[in-house]
1. Of VAL75, VAL61, THR48, which is farthest along the charge dipole of region 13-159 in the positive direction, counting Lys and Arg as +1 and Asp and Glu as -1 at C-beta?
2. With a cut-off of at most 14 other beta carbons within 10 Å, and DSSP calling the residue loop, which GluC sites (Glu not before Pro) in region 10-116 qualify? Please list them.
3. List the trypsin sites (Lys or Arg not before Pro) within region 86-160 that DSSP assigns to loop and that have no more than 11 neighbouring Cβ atoms inside 10 Å.
4. Throw me the Rg/Rh for the chain, computed over C-alpha atoms with Kirkwood Rh, two decimals.
5. What FRET efficiency do you get for MET1 and ASP70 if R0 is 30 Å and r is their Cβ-Cβ distance, rounded to the nearest 0.05?
6. So how much slack lies between THR138 and THR18, counting 0.36 nm per residue of separation and subtracting their Cα-Cα distance, in nm?
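Derivation of every value follows stated rules applied to the coordinates shown; laboratory data play no part. Since this is a predicted model, take the numbers as computed values, not measurements. With ideal geometry, Cβ positions are generated from the backbone for all residues, glycine too; neighbour counts draw on all protein chains shown.
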Amino acid sequence: MTRQVGDTIPESTFKRLTSNGIEDVSTKELFAGNKVVLFAVPGAFTPTCSDVHLPGFIDKVGEIKSKGVDTVACVAVNDPFVMSAWGKSRSIPDGIVLLSDGNAEFAEAMGLVLDASGFGMGPRSRRYALIADDGKITYLGVEEGRDVGVSSADTVLQKL
């Protein structure tokens with residue numbers, strides 16, 4: 001069942017590649033006591049994710065943070081090495097945290113798994129953006145098709 005506005009972010013653990021190696025980032029650590037914008041993409045290096053969805057957040061991260069947001073994060077069902085390489089290739093600023101949900105555990109807990117087996121990609125996350133305040137979802141925009149609308153940086157800014 002898909003999480004809804006008013007629900008609590010599920011407990012899960014992301015992976016993140018840092019200068020110290022791979023580190024765990026729990027949802028509790030990320031969301032507790034913080035205002036967080038999290039946007040999810042089906043895959044790093046995929047065309048819509050790289051050319052449409054991500055650039056909006058790169059361009060607007062400063063505006064988003066100026067609205068009282070503590071963390072802007074992007075999550076994908078990719079390993080932390082791929083997420084790091086994607087970040088470097090796209091010059092993702094320090095203001096955006098890249099998180100790996102390599103086994104789609106968070107996507108599943110959110111009820112937002114996309115079956116991309118037909119493309120040889122297996123289970124992925126659906127494209128969405130959410131705003132959470134102290135672990136409670138206050139906005140959740142899940143895309144129904146390939147377009148980026150309800151999960152765009154512009155829409156998130158309007159909802160903040």
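1. Ranked along the dipole, the leading option is VAL61.
2. Details: sites: GLU11, GLU23, GLU29, GLU63, GLU105, GLU108; in loops: GLU11.
Qualifying residues, ordered by number: GLU11.
3. Values: sites: LYS88, ARG90, ARG124, ARG126, ARG127, LYS136, ARG146, LYS159; in loops: ARG90, ARG126, ARG127, ARG146.
Hits after loop and neighbour filter: ARG146.
4. Values: Rg = 14.1 Å, Rh = 15.4 Å.
Using Cα coordinates only, the ratio equals 0.92.
5. On the way: r = 28 Å, r/R0 = 0.93.
After rounding to 0.05, the efficiency reads 0.60.
6. Numbers: separation 120, 0.36 × 120 = 43.20 nm, distance 2.94 nm.
Answer, rounded to one decimal: 40.3 nm.
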